[in-house]
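The values are calculated or read from the model by the stated rules, or taken from the named source; none is laboratory data. Bear in mind that the values here come from a model prediction, so they are computed numbers and not experimental data. Ideal geometry is used to build each Cβ from the backbone, glycine not excepted, and the neighbour counts take in all protein chains shown. The accessibility values were calculated without ligands, DNA or RNA, using every heavy atom of the protein model including side chains. Shrake-Rupley method; radii C 1.70, N 1.55, O 1.52, S 1.80 Å.
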Amino acid sequence: MDLRDFYLLAALIACLRLDSAIAQELIYTIREELPENVPIGNIPKDLNISHINAATGTSTSLVYRLVSKAGDAPLVKVSSTTGEIFTTSNKIDREKLCAGASYAEENECFFELEVVILPNDFFRLIKIKIIVKDTNDNAPMFPSPVINISIPENTLINSRFPIPSATDPDIGFNGVQHYELLNGQSVFGLDIVETPEGEKWPQLIVQQNLDREQKDTYVMKIKVEDGGTPQKSSTAILQVTVSDVNDNRPVFKESQVEVHIPENAPVGTSVIQLHATDADVGSNAEIRYIFGAQVAPATKRLFALNNTTGLITVQRSLDREETAIHKVTVLASDGSSTPARATVTINVTDVNDNPPNIDLRYIISPINGTVYLSEKDPVNTKIALITVSDKDTDVNGKVICFIEREVPFHLKAVYDNQYLLETSSLLDYEGTKEFSFKIVASDSGKPSLNQTALVRVKLEDENDNPPIFSQPVIELSVSENNRRGLYLTTISATDEDSGKNADIVYQLGPNASFFDLDRKTGVLTASRVFDREEQERFIFTVTARDNGTPPLQSQAAVIVTVLDENDNSPKFTHNHFQFFVSENLPKYSTVGVITVTDADAGENKAVTLSILNDNENFVLDPYSGVIKSNVSFDREQQSSYTFDVKAIDGGQPPRSSTAKVTINVMDVNDNSPVVIYPPSNTSFKLVPLSAIPGSVVAEVFAVDIDTGMNAELKYTIVSGNNKGLFRIDPVTGNITLEEKPALTDVGLHRLVVNISDLGYPKSLHTLVLVFLYVNDTAGNASYIYDLIRRTMETPLDRNIGDSSQPYQNEDYLTIMIAIVAGAMVVIVVIFVTVLVRCRHASRFKAAQRSKQGAEWMSPNQENKQNKKKKRKKRKSPKSSLLNFVTIEESKPDDAVHEPINGTISLPAELEEQSIGRFDWGTAPPTTFKPNSPDLAKHYKSASPQSAFHLKPDTPVSVKKHHVIQELPLDNTFVGGCDTLSKRSSTSSDHFSASECSSQGGFKTKGPLHTRQILL
């Protein structure tokens, strides 16, 4: 790849990168023929351009400059201060501006201009496109003021003959819109045919039979009008000559033909051979080819038509850039009045015959063709706007632009065919004082054509070299407690400029109040005494400034580190450290950390700790300050420990300090709740069917000998309430009815109640069994106790109905079979009796007829009495029908209803008790509550309860904190009032059936027994 190819590639890449930050477009639409000073637009308003400098925040006056060629008559002008665009005295004529081009309604006529915004910090290139809309300033005109048409005399009525159409330079609705025939004499009419291209062709219609012998010439007027406002029109004389008959008109083989011919085709080149035929013979079949009236004179000059053969040839040199498409209408006439018509579209194809054009418009005004730049001008300083163009199309018209050699300038593409010439790097007058280079525009045709433009640039010298420090960062160190005026260092800088531009003065920056600097020599001294503990490091700047115009300067950073001396003693974060530990904390556990600081650094900061009055109860790590116990804590024996610690640093000489330490021993939650009510796991409470929802049916009460939150209890039913018939208050332990008992609820219900405290770090809990017997009465207490005894074999996570159902079903089935059997026997006896009596009555009537004077016999009374006795003996057996409930499976995500897999093994069989009756009306409404504040407080807890499984008669291992309290099995039921009245002394409770009202208060016969169950 040679140097030229390299530049071509670089320029091609630059063309693809358009800088949208500096290049913007505006489009305005105006009418043609506007007067002078009509406002067109406002550039800063339409582009929302701010006059505020984003870097400095100050307002800047912008300059708007129209980039135009010298000598051009501008069609618009731009205000340099406001950026407003106005029309000039040069009228904008759309037909003149877009002359020679085919501008239909959809093809806009426009012109473009460029405006730059200065200064360079705000530089923008604005490309403005002004679309010129048509006004009705031209009248439609016929090609000739007199139009001659020849029509045969035998022409049929409604035959049509073309009339040369009028033309109007205006477009759209301002163009030709309407034709009108004046003085048609009722012989002729007019019709308009619109072509696919939108052209309107008038046609003359024959409305009456013609007779050349009577009248051979008709003179009329035809009028054409446009659609503009005001409307414009013109007329032409239409002269119709009636000719003799020629039966057949010529016919073209193709009425629409399109051909292509290169623009460099030599003169005489054949374009197309048209061929028309005529069915006549002789002279009537002789065809003559001529151009139609609509063919432009310029087209007729370029192409020649052979009148006899119909061959179209090139008559003059073609130029695609001048006219790319030629539409030619050819008429084939055999002498009759109706010639054949064919339209030939000639497309002139492009060849690379035009070199690119370079339009160089300077933004910085040159002097005698040379642009002067200052070497201080920033990178990307705009010099000129370069517009390249090529009249050719496609590949031949694709132009790339580049600079011929390596210079500190480059071309930045802002549009497809426009570039900004700007500096690509900082300019240095000391390096190169003058530049002369060429800008090359090259197309992509074969062979490639190019064009060049010469640019000259001269530099002006400036004070562009600031002083330079030998070290950008100067680091120093000095010991604290220094003397004032201590010499530190000498700061120096150099300047590549000469003269006054190289004279340097030094100045301290901010944060340098502890230092002095000589402005001429750069000597740096200490002005104060340093204290490292107050400030260990000083960071400030030193400025070196020359005496140029304007002056230049540079800065260096100075870092002064203050070295430490041992002038500070260790300091504890607290004069008195207090730590709190649990009483069950094991030996050698960490009980606290002593923190101490020293404002010094290095070895002066290294602190060692020790215990002064060491009683060997604790061990102190001398470096980390961690205190560990050397004893096992027992809060009841000793609730706190106090001793002193000493801290000494590693400085020379060393410094030290002391502090006091107190270790406080705290209580822990190490006692489970103890159940007071019910005192027995085998007592029960009668729940009548008449009990109303919300009434208290039983009570559970427990105490915890811990204190505070460790003594706060929460009551929860964890099993036996799958129907939701009962509810326990989590605070008071009162068990109430949720809904009125139904017949299906009759029977024994076993509720497993969990009692848990809110202790820390671990909650402890106890389980208790509450038996509720739902029935109107508890007539057979022994039967109920037998049920209770048998339920002890049922796991706690199952409803007692799951295990008691078999033997209850046996009794129920026996009773039902007895009832059904009894009923069947009664029915059979009645049926047999009726049958026997009916037969006996028939026989008795027959005997009476055979005996005269016989007397009537009544049934045997003794039999009646026997029947009554039998009826009395037939009674339905009475039976207590029990209903059972089952425990639903626990929900896995509910901490309160975790499954409890276990059974209770009783140490001895329950003793049968005498039957007693329970008086519900005299039952105590609430649970007894002790007066102790710790026992009276209850708190809700969500501590999870562990599941356990206990097999009957299997020894269990002991695990702390998880127990089900085994309450005494005796004196849980008292048969009489005398016995119940002594409940306070015999440990009986209101869970037993009784007719007597319960009394307040409680006593126990001895220590409470608990059975520990391993979870």
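Give me the residue from region 103-118 that is open to solvent by less than 60 Å² (accessible area, probe 1.4 Å) and in a strand (DSSP E or B) and, out of that set, modelled with the lowest pLDDT.
Of everything passing the filter in region 103-118, 118 is modelled with the lowest pLDDT.
If you check 170, 137, 121, which single one turns out to be of a type in the set (D, E, K, R), open to solvent by 50 Å² or more (accessible area, probe 1.4 Å) and assigned to a loop (DSSP other than H, G, I, E, B)?
Just a single option satisfies the conditions, and that option is 137.
Going through region 779-797 one residue at a time, which ones are in a loop (DSSP other than H, G, I, E, B) and open to solvent by 10 Å² or more (accessible area, probe 1.4 Å)?
779, 780, 793, 795, 797
So the check is Cβ under 9 Å with 6+ separation or different chains; which pairs have a first residue in region 27-51 that's more than 15 Å from residue 128 (Cβ to Cβ) and in contact (Cβ under 8 Å) with a residue 12 or more places away in the chain and a second one that's in a strand (DSSP E or B) and of a type in the set (A, V, I, L, M)?
Once the first residue is more than 15 Å from residue 128 (Cβ to Cβ) and in contact (Cβ under 8 Å) with a residue 12 or more places away in the chain and sits in region 27-51, its partners that are in a strand (DSSP E or B) and of a type in the set (A, V, I, L, M) give 31/132; 32/132; 34/40; 38/30.
Pull up region 183-234, narrow it to residues that are assigned to a strand (DSSP E or B) and in contact (Cβ under 8 Å) with a residue 60 or more places away in the chain, then point me to the one that is nearest to residue 156 (Cα to Cα).
222
Suppose we filter region 634-670 for residues that are over 58 Å from the mean Cα position of the chain (by Cα) and part of a loop (DSSP other than H, G, I, E, B); how many remain?
Of the residues in region 634-670, 12 are over 58 Å from the mean Cα position of the chain (by Cα) and part of a loop (DSSP other than H, G, I, E, B).
(1) among the small types (Gly, Ala, Ser); (2) at positive phi; (3) open to solvent by 10 Å² or more (accessible area, probe 1.4 Å): which one isn't true of residue 733, the others all being true?
Just one mismatch for residue 733, condition (3).
Quick grid of which residues meet (1) in contact with a strand residue (DSSP E or B) (Cβ under 6 Å, 6 or more places away or on another chain); (2) open to solvent by 40 Å² or more (accessible area, probe 1.4 Å); (3) at pLDDT 90 or above; (4) closer than 30 Å to residue 783 by Cβ:
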{"site": "588", "(1), (2), (3), (4)": "yes, yes, no, no"}
{"site": "610", "(1), (2), (3), (4)": "yes, yes, yes, no"}
{"site": "621", "(1), (2), (3), (4)": "no, yes, yes, no"}
{"site": "661", "(1), (2), (3), (4)": "yes, no, yes, no"}
{"site": "675", "(1), (2), (3), (4)": "yes, no, yes, yes"}
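Looking for something more than 14 Å from residue 184 (Cα to Cα), open to solvent by 90 Å² or more (accessible area, probe 1.4 Å), of a type in the set (D, E, K, R) and part of a strand (DSSP E or B) - is there at least one such residue anywhere in region 236-251?
Checking region 236-251: not a single residue is more than 14 Å from residue 184 (Cα to Cα), open to solvent by 90 Å² or more (accessible area, probe 1.4 Å), of a type in the set (D, E, K, R) and part of a strand (DSSP E or B).
Among the numbered conditions (1) open to solvent by less than 30 Å² (accessible area, probe 1.4 Å); (2) hydrophobic (A, V, I, L, M, F, W, C); (3) within 30 Å of residue 356 (Cα to Cα), tell me where residue 454 comes up short.
It is condition (1) that residue 454 fails.
Within region 784-801, track down each residue that is touching a residue at least 24 places away in the same chain (Cβ under 8 Å) and farther than 19 Å from residue 766 by Cα.
Correct list: 784, 785, 786, 787, 788, 789, 791, 793, 799, 800, 801.
Quick check on my filter: what residues within region 722-760 are in contact (Cβ under 8 Å) with a residue 60 or more places away in the chain, over 30 Å from residue 667 (Cβ atoms) and within 50 Å of the chain's Cα centre (by Cα)?
Listed by number, the residues that qualify are 722, 723.
Check region 273-294 and report whether any residue there is on the phi > 0 side of the Ramachandran plot and modelled with pLDDT under 85. Steps first, please.
First pass over region 273-294, keeping only residues on the phi > 0 side of the Ramachandran plot: 282.
Those still in the list that are modelled with pLDDT under 85 too: 282.
Within region 273-294 (the criterion being on the phi > 0 side of the Ramachandran plot and modelled with pLDDT under 85), the answer is yes, since at least one residue qualifies.
Scan region 110-158 for residues that are in contact with a Ser or Thr (Cβ under 8 Å, 6 or more places away or on another chain), of a type outside the set (D, E, K, R) and over 30 Å from residue 363 (Cβ atoms) and report the count.
Counting residues in region 110-158 that are in contact with a Ser or Thr (Cβ under 8 Å, 6 or more places away or on another chain), of a type outside the set (D, E, K, R) and over 30 Å from residue 363 (Cβ atoms) gives 12.
Do you know which residues across region 687-717 are modelled with pLDDT of 90 or more, of a type in the set (A, V, I, L, M) and under 12 Å from residue 756 (Cα atoms)?
Within region 687-717, 702, 703, 713, 717 qualify.
Are any of the residues in region 350-357 open to solvent by 50 Å² or more (accessible area, probe 1.4 Å) and at pLDDT 90 or above?
Yes: region 350-357 contains one or more residues that are open to solvent by 50 Å² or more (accessible area, probe 1.4 Å) and at pLDDT 90 or above.
Right, residue 721: open to solvent by 10 Å² or more (accessible area, probe 1.4 Å), assigned to a loop (DSSP other than H, G, I, E, B) and out of contact with any helix residue (DSSP H, G or I) (no Cβ under 7 Å at 6 or more places or on another chain) or not?
yes
In region 530-566, which residues are open to solvent by 50 Å² or more (accessible area, probe 1.4 Å) and among the basic types (Lys, Arg)?
Within region 530-566, 537, 545 meet the criteria.
In region 500-530, how many are assigned to a strand (DSSP E or B) and either touching a helix residue (DSSP H, G or I) at 6+ places or on another chain (Cβ under 6 Å) or among the hydrophobic types (A, V, I, L, M, F, W, C) (or both)? Walk me through how you get there before you give the answer.
Filtering region 500-530 for residues assigned to a strand (DSSP E or B) gives 505-508, 515-517, 523-526.
Okay, now just the ones that are also either touching a helix residue (DSSP H, G or I) at 6+ places or on another chain (Cβ under 6 Å) or among the hydrophobic types (A, V, I, L, M, F, W, C) (or both), so 505, 508, 515, 517, 523-524, 526.
Of the residues in region 500-530, 7 are assigned to a strand (DSSP E or B) and either touching a helix residue (DSSP H, G or I) at 6+ places or on another chain (Cβ under 6 Å) or among the hydrophobic types (A, V, I, L, M, F, W, C) (or both).
Spot the failing condition for residue 62; the list is (1) in contact with a Pro (Cβ under 8 Å, 6 or more places away or on another chain); (2) at pLDDT below 75; (3) of a type in the set (A, V, I, L, M, F, W, C), and only one is missed.
The one condition residue 62 does not meet is (2).
In region 678-705, which residues are open to solvent by 10 Å² or more (accessible area, probe 1.4 Å) and farther than 24 Å from residue 779 by Cβ?
Hits for region 678-705 are 679, 693, 694, 703, 705.
Which of the following residues is free of Cβ contacts under 8 Å to residues at least 40 places away in the same chain and either surrounded by 13 or more Cβ atoms within 10 Å (Cβ to Cβ) or under 30 Å from residue 375 (Cβ atoms) (or both): 525, 494?
That would be 494, the only listed residue that is free of Cβ contacts under 8 Å to residues at least 40 places away in the same chain and either surrounded by 13 or more Cβ atoms within 10 Å (Cβ to Cβ) or under 30 Å from residue 375 (Cβ atoms) (or both).
Could you tell me how many of the residues in region 406-425 are in a loop (DSSP other than H, G, I, E, B) and modelled with pLDDT of 90 or more?
Going through region 406-425, the residues in a loop (DSSP other than H, G, I, E, B) turn out to be 406-408, 416-417, 424-425.
From what is left, the residues that are modelled with pLDDT of 90 or more are 406-408, 424-425.
Of the residues in that region, 5 qualify.
Would you say residue 193 is of a type in the set (A, V, I, L, M), open to solvent by 50 Å² or more (accessible area, probe 1.4 Å), at pLDDT below 90 and in contact with a Phe, Trp or Tyr (Cβ under 7 Å, 6 or more places away or on another chain)? Can you show your working first?
Numbers: of a type in the set (A, V, I, L, M): yes; open to solvent by 50 Å² or more (accessible area, probe 1.4 Å): yes; at pLDDT below 90: yes; in contact with a Phe, Trp or Tyr (Cβ under 7 Å, 6 or more places away or on another chain): yes.
Spelling it out, residue 193 is indeed of a type in the set (A, V, I, L, M), open to solvent by 50 Å² or more (accessible area, probe 1.4 Å), at pLDDT below 90 and in contact with a Phe, Trp or Tyr (Cβ under 7 Å, 6 or more places away or on another chain).
How do the pairs read when you match residues in region 65-90 that are over 17 Å from residue 26 (Cβ atoms) with residues anywhere that are open to solvent by 80 Å² or more (accessible area, probe 1.4 Å) and among the acidic types (Asp, Glu), using Cβ under 8 Å and keeping only pairs 6 or more apart or on different chains?
88/36; 89/36
Here is a check on your reading of the model: is residue 363 closer than 30 Å to residue 458 by Cβ and of a type outside the set (Asp, Glu)? Reasoning before the result, please.
Values: closer than 30 Å to residue 458 by Cβ: yes; of a type outside the set (Asp, Glu): yes.
Yes: the conditions hold for residue 363.
In region 342-401, which strands (runs of 3 or more DSSP E) lie fully inside it and hold 2 or more residues that are in contact (Cβ under 8 Å) with a residue 60 or more places away in the chain and more than 17 Å from residue 414 (Cα to Cα)? If you could, list the steps in order and put the result at the bottom.
Working: elements: 357-362, 370-374, 382-389.
Ranges flagged: 370-374.
Within region 145-156, how many residues turn out to be in a loop (DSSP other than H, G, I, E, B) and modelled with pLDDT of 90 or more?
Result for region 145-156: 1.
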